[in-house]
1. In a shell of Cβ-Cβ distance under 15 Å around LEU148, excluding LEU148 itself, what net charge do Lys and Arg (+1) and Asp and Glu (-1) give?
2. For region 358-374, just list the computed ³J(HN,Hα) in residue order, Karplus coefficients 6.51, -1.76 and 1.60, θ = phi - 60°, integers in Hz, with x standing in for Gly and Pro.
3. Once the other residues with Cβ under 14 Å from the Cβ of LEU481 are scored (Lys, Arg +1; Asp, Glu -1), what is the net sum?
4. Lys pairs in region 329-423, Cα-Cα under 15 Å, at least 8 apart or on separate chains: how many?
5. Leaving out ligands and nucleic acids, note down the accessible area per residue over region 329-423 with a 1.4 angstrom probe, in whole Å².
6. For the peptides 284-293, 475-484, 368-377, what is the packing order when you average, over each peptide's residues, the other Cβ atoms within 10 Å and list the highest mean first?
7. Using a Förster distance of 45 angstrom, determine the FRET efficiency expected from the C-beta separation of THR135 and ILE472, and round it to 0.05.
8. Along the Cα-to-Cβ line of GLU436, 7 Å from the Cα, sits a label point; which residues in region 492-510 have backbone N less than 15 Å from it?
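The values are calculated or read from the model by the stated rules, or taken from the named source; none is laboratory data. Computed from a predicted model, the values in this text were never measured in an experiment. Quick reminder, even Gly has a Cβ in these numbers, built from the backbone with ideal geometry, and neighbours come from all protein chains shown. When the accessible area is computed, the model is the full protein with side chains, heavy atoms only, and any ligands, DNA or RNA have been set aside. Shrake-Rupley method; radii C 1.70, N 1.55, O 1.52, S 1.80 Å.
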Amino acid sequence: LKMFWFYLPLHLLLVACLCHSIEVPATSSQHSFKTNLFNFYHSLILADGKETTIHLLKDIPKRYYFVLEEGRALTPFTITVTPCDVPIEWSILVHKASATCFLPAGDVTQEVPKSQKTPNIMSTIFNYKGNSVETYMGMSSHSALYMLEFLSTERDTHITVYLTTDTTSGHLYPELPTDPRIDVIGIGHTTVTLTWKHSPSVLQHRENIQYCLLVNEKHNYKSLCAAETAIRSSGMKLPSTLALSLSPYLLEPQQVMILSNSELSIINKVSSGEVRQICMGTKNTYTVPNLSPSTQYYFDIFVVNLLTNASAAYTGTFARTLEEPEPKVIELKDGKVIQVVLDGKKQKFYSLQYQARHKKIQFTFQLCRGQVRVHIAKNGKTVASENISGLRYFSLKGKLLDTYVVQLRSTEESNSSVKVQVSPHFHKPLFPLLPESLKIKSFSKLRTCNSVTIAWLGTQEESKYCVYKKRIEEDQVWIELQSADRCSGPESRHKSEKVLCKYFYDVNLQRAVTTETINGLDAGTLYLFDVYLFGPSGIPVRYHSKVVKTRKKC
């Protein structure tokens, strides 16, 4: 079984067949010939044994041809069409040609007596409309010209088409099991466990086949190319599933690669949420971790041929993670400091409660990371609500046994954290007295190749200040500044980063400023400088980090 190849170029043979097959009035024969020729040159020959990518323009049909030669009793062939986006319409038409269409190459131009001509019939043998992967298996018992016609009525799109007449060799696409469903066998607050039956291809060619899982919050995908098209349309480039294992440098900024326990995960940040691709080798049971509670996820399994990059999709499934139990209201105690971490993705309030034992109380909030919204209610009535930054005090008056409820929420998508304290002891503040600004200033004119000079404001209260430095790279600046925990003290720093500690104050706030020159630095190098302020209680407050680069040449 083989394609109908002749010494004469195939496109000339097909033109001859098309023109010969249609009987037209003599007056319109010239026009008919031109029409047939035009139609042919706007179609292509479909390759045998090769996956072909076809781009379709909206409402413009595209035609491909292939020819089967009469060589034995029955000629089997299969055609697999994979829509990569919207539903399409496609049909297979067969043109049962007369012998004149299949003369030897040298006889194509011979005149055939009209009495020997037999009418030819173009008939539709298959049509389909949808976005599922569809395979047609056919048999041909005579020489025939086949035409495939594709049409997209929704928008421009692309598809893949695979034609083969060799049914004896291995399959391009991995085989699916008789039951291609994915079973959900376990659901937790942040995990879902899936299992599926092995593909026969995995059992036969284990070293060349792997399973890949796609997780998203939108819907199931009927093919891997449909999933990749959807992710690309959200505004990013997506490397193919197989290329993921070749090089992390293929990733875009919105993508994160995780490689652990021989599992490769790609997390794509898109407008509709995360889309994860996880390739786990030949395991047919997998627990998806790090999901959000009370969220519906869609799961698709693809069995992928590593040699051909072709894939087959199991029947997708979905599951909703369990609801997270409502967090208990934390009781605040006099003078005790607690640190709360807020999940920015959930955007939920975190509740704290305090029952007053004094008429006057003071809430203190120290923002450690991110941005936080604070809402304070007394006996159910709002008394304060605002976004906080740095250190913030709320002094409130009420009655004994008044109930205060504090609600905290991150106003960013990333996690935020804040320290909270409530106390009736105004005369014994837990946090040090703060200057007007927590910014560190550097003097460009005083920079040298091995030193920089920085300055910061102090207060009227004698306090301890400690300076730390850290060498960083250009691409680390943004991460260091964004991830800095403003509540962490010097105990989190390496001893080698410490520069000095000093005490100072000035009753005149205009003069409460100090400078320090840090020597022993490397030329043309970036340094991150931090200053920690310690009050009477010993709890530190961190100034805003400052990045300074030494001069390259002096």
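1. Working: positive: LYS50, LYS62, ARG63, LYS129; negative: ASP48, GLU51, GLU89, GLU134, GLU149.
Residues near LEU148 contribute -1 overall.
2. 9, 6, 10, 9, 9, 8, 10, 10, 10, 6, 9, 7, x, 10, 10, 9, 10
3. Numbers: positive: ARG369, LYS439, LYS470, ARG486, ARG542, LYS546; negative: GLU473, GLU474, ASP475, GLU480, ASP485, ASP530.
Net charge in that neighbourhood comes out at 0.
4. 13
5. Numbers: 4880 Å² over 95 residues.
Ligands and nucleic acids excluded, the result is 51 Å² per residue.
6. On the way: 284-293: 15.3, 475-484: 12.3, 368-377: 18.8.
Ranking the peptides 284-293, 475-484, 368-377 by packing returns 368-377, 284-293, 475-484.
7. Details: r = 56 Å, r/R0 = 1.25.
About 0.20, to the nearest 0.05.
8. Within reach of a label on GLU436: 506-510.
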